[in-house]
Amino acid sequence: MQFTVKNTEELPADAIDNFYKQVGMNVKNQRIKSGYSQLQLSQALNHKSVGLVSQAELYLKKQHFNLEHLYKIAFVLECDLSDLLADSNADSL
């Protein structure tokens, strides 16, 4: 079996932006499903305003959730971390 080395330059130019948008959408869907407002989730993450949550859910100004945020969000919303990372367009990669 031949091993093929991949290079990240092969990724489409918008792949990372699309990934962050998908993660933001997943967080929003899980948040709503769990009955949390943006403010309630922000407070549960020890943030004083909804800025991070509202902007990262929409990937506004390229604001996105980091791994620590996602781990804490999964804990608060009682969902699997994989639910937040799921790619509804997995075939596109």
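The values are calculated or read from the model by the stated rules, or taken from the named source; none is laboratory data. Source: prediction; values computed, not measured. Cβ placement follows ideal geometry from the backbone for every residue including glycine, while neighbour counts extend to all protein chains displayed. The accessibility values were calculated without ligands, DNA or RNA, using every heavy atom of the protein model including side chains. Shrake-Rupley method; radii C 1.70, N 1.55, O 1.52, S 1.80 Å.
The set of residues from segment 43-61 being of a type outside the set (Ser, Thr, Tyr) and touching a Phe, Trp or Tyr at 6+ places or on another chain (Cβ under 9 Å) comprises Ala44, Leu52, Val53, Ala56, Glu57.
Among helices (runs of 4 or more DSSP H) entirely within segment 42-93, having at least 2 residues that are open to solvent by less than 100 Å² (accessible area, probe 1.4 Å) and modelled with pLDDT under 95 singles out no element at all.
Set side by side, the residues Ser88, Ser82, Ser42, Ser54 differ, and just one is among the hydroxyl-bearing types (Ser, Thr, Tyr), on the phi < 0 side of the Ramachandran plot and touching a residue at least 40 places away in the same chain (Cβ under 8 Å), which is Ser88. As a summary of the residue check, Tyr36 satisfies the conditions (1) surrounded by 14 or more Cβ atoms within 10 Å (Cβ to Cβ); (2) outside any loop (DSSP other than H, G, I, E, B); (3) among the aromatic types (Phe, Trp, Tyr) except for the one numbered (2).
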